[in-house]
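Right, one structure below, let's go through it.
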Amino acid sequence: MLHLSNGSKHFGHKQLFEGANWLITPDERTGLVGGNGTGKSTLLKVLAGVEQLDGGELNRSKGLTIGYLPQDGLVMRGKTVFDECLSVFHEALAMDKEMDDLSDKLAHFAFGTPEYDAVADRFSLVSDTLQQHDLYNLDAQVGAVLGGLGFSKEDWARQTEEFSGGWQMRIALAKLLLEKPSLLLLDEPTNHLDLETRNWLEDYLRSYPRAFILISHDRYFLDVTVSKITEVWNKRVWFYTGGYEKYVKQKTERRDQLAKDYANQRDRIEQLEAFISRFRYQATKAKQVQSRIKELDKIERIEVPEDEETIHFSFPQPPASGRLVCEVSSLSKRYEPKQILKNVNFTIERGDRIALVGPNGAGKSTLIRMLSQMEEPTGGTIRYGHNVLADYFAQDQYKVLDPDAKMLEDISSAAPKVPTTELRNLLGAFLFVGDDVFKRLGVLSGGERNRYALARMLVSPANFILLDEPTNHLDLRAKDVLLEAIRAFTGTVLFVSHDRYFIDGLATRVFECEHGGVQVFPGNYEDYLWRKQGGPDQLQQAAMEMQRAHIPAVEAPPAPISPVTTLAVANVKKVNPIKLKQMQDRVRFAEDEMPRMENRMSALETALGNFTSAEESQRQTAELAQLRRDHESLMDEWQDLSTQLEEQAATV
């Protein structure tokens, strides 16, 4: 479908990639990854035809259609949202008009004449094409995509120029999804989407009938949408099978192998150079020397790029607050004429990690501003507990920074006890490297200043931090640093994020803003979704079915249940049916595997009694020791899972 052959591209004096070969097939479902500045977006632009290669070839199959979504910069004007999206079907709409003209012509020509036959053939062709486009269902198609991307029906009739840049990009994405090109190229499509629309887009792409390649810094999104990862690394293009998690493992293995190959090559080069240096001026060795010089010239030198340093930063811990951090009672907020929040009640306790979720416009940012005392409520109260020190990170936090301050000096003043080396490591994790740390804050872009503001906040945190979309403008490496920092944080956190991996790795409770209220769910985002989808009811039904499957023919009278047993059962956390099935499968695996391991251990013990060689005895001893450890670990896991399954059955 699309074939990149020996492609190369420069950016100024920097070589982004070279010798790139990539055969893109009709079933391509690929995530394009790589560090900042490696050329991911440039490669996507090359595939889209927006930029040209410096070397190599890009061949497209006949009839290939490509749809490209950049990160930002698209602006639409002059049409309503609905009409703008409907415009992607202009050919089908033109054919519909042609159908009317052809019908009129058929009425004027006599049946069986050459003119009639020609018009009839065209009429049949156009009719078949319109059926393929599902012409009479176009409005429903447009409505489904706009609804999935968060546009209300009232928005459909609004002019496109009334929407902000993020919503303009949603309109552009909607048009591409409706157009269904042969190859869809998406550069950070989730940048402007909330969680609900990300979830919808995940489902849409999973069932997308054609090929797509996307760039994303959202691990979860990559894992659930793509079947292959393509990485721009070390000026080459590398391919990995599976989602992002499998890519991480495979890349580690590939890098280890590259290091071994490099070491072996260096040994060979040193041998050749030593021989040449030793015998260069001996006539009797001239032929051998020339042979080794030629071999040395032919060696294609392996380059091992420097490892990206893993940042582990010890953040200063804040003073402890009281157990009750914040109590909200009958809280309401109104922006005339719209009621945003009404009669909201909840409490936040020390150590909570709360994810604030909900559709755009539901009041998440409004609530977090009121909790930070940046905005007054219309009604109700917000009461902080003992010794609570709150700090707020806004989506536009960069506006409060001093534009004349130099970055390293400014962050050092915020954390005078932290060594400069550690501060520079932290800034590097947030993509400020080299001389960037000496820049004045005023010359940075909005996204760069927001990244810096987040790093600055983390070096001197309060004991209750409120974060409004802190993962925006961060790459995967910076997100990992932020996640690790907040996990180690001893205070309390309430945050808004649209990154599933980040939420699942951090949240202990989920607050859902919807329809003017706030509903509290225990657990992370996965637990929240399970409960929203009727999880407790499904679990109860699954447990009942499991129990019925194990009821003996004659049941003994039930033993009396003590109050202590009742309390223990009540405190058992229910798991969802999928997890329950995984636990049952794992128990069955352990019950099959342990006897095999025991047989192998017995065979090894017998073999050790018959000495053959010292090397073989060492190998058998090591294998036996590992088997014993594995058997003990599997036995512990089996006992633990069996107990959990018994407890789950008892909760019914």
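The values are calculated or read from the model by the stated rules, or taken from the named source; none is laboratory data. All values reported here derive from a predicted model rather than from experimental measurement. All Cβ positions, even for glycine, are placed from backbone atoms using ideal geometry, and neighbour counts span all protein chains on display.
Given the condition part of a loop (DSSP other than H, G, I, E, B) and either at pLDDT 75 or above or over 21 Å from Asn137 (Cβ atoms) (or both), answer yes or no: does some residue in segment 86-105 qualify?
no
Yes or no: segment 210-228 includes at least one residue that is free of Cβ contacts under 8 Å to residues at least 24 places away in the same chain, assigned by TED's automatic domain parsing to the domain that holds Gly7 and either closer than 20 Å to Ala48 by Cβ or not basic (Lys, Arg) (or both). Don't jump to the end; show me each part of the working.
Going residue by residue through segment 210-228, those that are free of Cβ contacts under 8 Å to residues at least 24 places away in the same chain are 223-224.
Checking the rest, the ones that are also assigned by TED's automatic domain parsing to the domain that holds Gly7 come to 223-224.
Adding the requirement that they be either closer than 20 Å to Ala48 by Cβ or not basic (Lys, Arg) (or both) leaves 223-224.
Within segment 210-228, one or more residues are free of Cβ contacts under 8 Å to residues at least 24 places away in the same chain, assigned by TED's automatic domain parsing to the domain that holds Gly7 and either closer than 20 Å to Ala48 by Cβ or not basic (Lys, Arg) (or both).
Let's see how each residue does on (1) among the basic types (Lys, Arg); (2) without any contact (Cβ under 8 Å) to a residue 60 or more places away in the chain; (3) closer than 23 Å to Tyr240 by Cβ:
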position: His3; (1), (2), (3): no, yes, yes
position: Glu18; (1), (2), (3): no, no, yes
position: Gly34; (1), (2), (3): no, no, yes
position: Leu93; (1), (2), (3): no, yes, no
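Taking segment 452-471 only, how many residues are among the β-branched types (Val, Ile, Thr) and either assigned to a helix (DSSP H, G or I) or under 13 Å from Val481 (Cα atoms) (or both)?
2
Please specify each residue of segment 123-151 satisfying the condition of being within 37 Å of the chain's Cα centre (by Cα), crowded, with 16+ Cβ neighbours inside 10 Å and at pLDDT below 75.
His133, Leu135
Please go through segment 474-513 and pick out each residue that is within 23 Å of Ala362 (Cα to Cα) and part of a loop (DSSP other than H, G, I, E, B).
Hits for segment 474-513 are Ser497, His498, Asp499, Ala507, Thr508.
Does Asp261 count as farther than 20 Å from Tyr68 by Cβ and crowded, with 17+ Cβ neighbours inside 10 Å?
no
Please work out which one of (1) within 22 Å of Lys180 (Cα to Cα); (2) surrounded by 14 or more Cβ atoms within 10 Å (Cβ to Cβ) is the condition Glu18 fails and give its number.
Status for Glu18: all satisfied but (1).
Mind telling me which of the residues Ser8, Ser41 ends up being assigned to a helix (DSSP H, G or I) and in the same structural domain as Ile229 (by TED's automatic domain parsing)? Break it down stepwise before answering.
On the way: Ser8 fails: assigned to a helix (DSSP H, G or I).
Unique residue meeting the criteria: Ser41.
State yes or no: is Asp297 closer than 30 Å to Arg266 by Cβ, not in a loop (DSSP other than H, G, I, E, B) and not β-branched (Val, Ile, Thr)?
Here the answer is yes, as Asp297 does meet what is asked.
Residue by residue through segment 216-231, note down the ones that are surrounded by fewer than 22 Cβ atoms within 10 Å (Cβ to Cβ) and in a strand (DSSP E or B).
Across segment 216-231, the qualifying residues are Lys228, Glu231.
Does Thr366 meet the test of being crowded, with 16+ Cβ neighbours inside 10 Å and hydroxyl-bearing (Ser, Thr, Tyr)?
yes
Ala607 passes all but one of (1) of a type in the set (A, V, I, L, M); (2) in contact with a helix residue (DSSP H, G or I) (Cβ under 7 Å, 6 or more places away or on another chain); (3) under 27 Å from Leu529 (Cβ atoms); (4) at pLDDT below 80; which number fails?
The single condition Ala607 does not satisfy is (3).
Out of the residues in segment 285-294 meeting the condition of being surrounded by 13 or more Cβ atoms within 10 Å (Cβ to Cβ) and not polar (S, T, N, Q), tell me which one is farthest from Arg266 (Cα to Cα).
Only one residue tops the list, namely Lys285.
Return the residues of segment 405-462 that are touching a Phe, Trp or Tyr at 6+ places or on another chain (Cβ under 8 Å), closer than 30 Å to Gly385 by Cβ and of a type in the set (S, T, N, Q); say none if nothing qualifies.
Asn450
Under the condition of being β-branched (Val, Ile, Thr) and surrounded by 15 or more Cβ atoms within 10 Å (Cβ to Cβ), which residue from segment 50-103 is nearest to Ser5 (Cα to Cα)?
Per the criteria, the residue is Ile66.
Look through segment 232-241, keep the residues that are in contact with a strand residue (DSSP E or B) (Cβ under 8 Å, 6 or more places away or on another chain) and surrounded by 15 or more Cβ atoms within 10 Å (Cβ to Cβ), and return whichever of them is nearest to Thr190 (Cα to Cα).
Of everything passing the filter in segment 232-241, Val232 is nearest to Thr190 (Cα to Cα).
Checking Ile465 against (1) farther than 25 Å from Leu324 by Cα; (2) more than 22 Å from the chain's Cα centre (by Cα); (3) buried (at least 21 other Cβ atoms within 10 Å of the Cβ), which single condition isn't satisfied?
Result: Ile465 passes all but (1).
Kindly establish whether Asp72 is touching a Gly at 6+ places or on another chain (Cβ under 8 Å) and either among the hydroxyl-bearing types (Ser, Thr, Tyr) or within 30 Å of Leu138 (Cβ to Cβ) (or both).
So Asp72 passes the test.
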